[in-house]
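This report concerns only the one structure given below.
Readers should treat all values here as calculations from the given coordinates under stated rules, not as data from a laboratory. What you are looking at is a predicted structure, and each value in this text was computed from that prediction instead of being measured. Reconstructed Cβ throughout: ideal geometry from the backbone, glycine too, with neighbour counts over all protein chains shown.
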């Protein structure tokens, strides 16, 4: 853990001897004068990352209304997940609200590639597993027969179903050609000609306003560029894509340009293993990579050079842990193959993945911080550029606590998940422990030449709803508040370069006031994230504490510890040294302030509680703690 702020006696002179602030890389700048503000040269983030586009104008007007593109209340969370919507005006309202809170990134949820049975009439049936597979525990029996899927029943060509028409055309090219698997992929995007590799047999189909794409993939996964369907009979997979009448991604990227937001659209989601449902099914790798290649080729044709296309999102969720043999873990195998396509077709665009943490002691297959660090390395080696682990507090799989408080009872909202117990008994570590371990793993990977960014995905919900505090479609989870979100930021931020959150709709928009309204009304409340001892090496040998966080530069700092009779209050605006320069490796918006501390008056090995309060009396939701062990 990192440490938090200690401060000098009850009354402090307005003129304080010059101090030295030690930066993250250990370089010490020259002496400074207390009670003033300093801006250091900006440090380059590590590893480098492209920023979002700047808004094209301060406002714009279209048929949905007039939308400003300013960010008057920037918060620590700067990215959010979005659910696809068919209403273009909803996109505008969402991105405006996100950008007003300082958001510069959105991650778009997507859709899955699905293998489907086909009946004798060439109709696509309901998905495998929805009545098409064996029933668990009933050997030799099957579930209810699958029904025709109404979405794909609309797909017809010249009086034939699209499956029949595809097979007819393949056999016309060579009677030995056959379709061995049929897949479907639903999206609200509309692609350009870049999605086709072999236009002689692949094409767009529009029937009564419904749009489909017919893609043909060799069974061996080669996506053969020769398009030779005639010289010999081959086995093929048919991919039917149900698309949108308009391209939602074009619209979202256009809005990204206007608001200064980068978009991470989802890759096609891999089919799940029918038995081990939490893992991806490697049997479908060839078809998955073919579809991925086609979609990304189309992106490259249409969106090359668009700053608003930040990268792509890997939507297949997995738990991050120490796999016995990562090379044999199915989901990682699928990741590696799919990610290789991204690297080939969209070089320079990072892949974002957001695995989940589970640190519960009483459950099987959970993981310690050290095991998660090992899993982080394995995940990075699949080619991802950004790993944004879910912090686990929303689901109750990890807790928010400091090491000196591990024997305290868990928060009431966690009891439905871990029981009425202590943090130490419930979890292997806190969110801070896990992010610290992953940050160290990231550093070690960089030494191997593998650059990956570590972000935090703070879960903006509670494990279960109480007293009707559900959020729209998210009925299984409960609403949380800004204070809880501030605490999540405080514990994760010292180890990550960006903080994003799952998810905007409906967790930030439900109820009145909504969570987003709470944030906009209280956006500049301080959030301390770390305190570290920084002693002055000048002639007077004065000691001090450096506090890092959001809006901490002019705060009043209260230091207390077990045994101290009167907490010490220091006004950083009077005796502190504020530095607003970007801090290498930390999220945008963090700053640091140095305050003097008489270390001789602070007992050894005590945990010092550091509370930060604004001049108008608003205290940070979470104190930070510094152990005086130096």
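For the stretch 255-350, what is the largest minus smallest coordinate of the Cα atoms on each principal axis, given in angstrom and ordered from greatest to least?
If we take the Cα atoms of the stretch 255-350, the spans are 44, 25, 21 Å.
State the extension gain, in nm to one decimal, for the chain segment bounded by residue 618 and residue 89, taking 0.36 nm per residue of separation less the distance between their alpha-carbons.
Gain in length upon complete extension: 186.8 nm.
Kindly rank 220-226, 197-203 from highest to lowest mean number of other beta carbons found within 10 Å of each residue.
On the way: 220-226: 13.4, 197-203: 15.7.
With the highest mean Cβ count within 10 Å placed first, the list reads 197-203, 220-226.
How far apart, in nanometres, would the label points at residue 70 and residue 198 be if each is projected 7 angstrom from Cα along the Cα-to-Cβ direction?
5.7 nm
Identify which of the listed values of volume of the Cα convex hull per residue in Å³ was calculated from the structure shown: (i) 178; (ii) 246; (iii) 162.
It is the value labelled (i).
In percent, what relative contact order does the stretch 476-630 have, based on Cα pairs under 8 Å that are 6 or more apart in sequence?
It comes to 25 percent, rounded to a whole number.
Counting only DSSP beta bridges with both residues in the chain, what percent are antiparallel, rounded to the nearest 5?
Approximately 60 percent, going by the DSSP bridge assignments.
Taking N as the number of residues in the stretch 116-245, what is its Cα Rg relative to 2.2 N^0.38 Å? Don't jump to the answer; show the numbers that get you there.
Numbers: Rg = 15.6 Å, N = 130, 2.2 N^0.38 = 14.0 Å.
Taking the Cα Rg and dividing by 2.2 N^0.38 Å, one obtains 1.12.
Please state the relative contact order of the chain as a whole percent: Cα pairs under 8 Å, 6+ residues apart?
In percent, rounded to a whole number, it is 18.
Can you tell me, using C-alpha contacts under 8 Å and at least 6 residues apart, the relative contact order of the stretch 116-245 as a whole percent?
That works out to 25 percent.
Can you give me the C-alpha center-to-center distance between the stretch 399-468 and the stretch 232-263, rounded to a whole angstrom?
Each part's Cα centre sits 35 Å from the other's.
How do 82-93, 616-627, 567-578 rank on mean C-beta neighbours within 10 Å, highest first?
567-578, 616-627, 82-93
Just want the ordering: 125, 238, from fewest to most Cβ atoms lying within 10 Å of their own Cβ.
Ascending number of Cβ neighbours within 10 Å: 125, 238.
Using a Förster distance of 35 Å, how high is the FRET efficiency between residue 601 and residue 425, based on the Cβ-Cβ distance and rounded to 0.05?
0.45
Would you calculate, for the chain, the mean residue ellipticity at 222 nm contributed by helices, counting each DSSP H stretch of 4 or more residues as -39,500 (n - 2.57) and dividing by all residues, to the nearest 500?
-6500 deg cm²/dmol
Peptides 423-432, 317-326: what's the order by average Cβ count within 10 Å, highest mean first?
On the way: 423-432: 23.0, 317-326: 16.6.
Highest mean packing first, the order is 423-432, 317-326.
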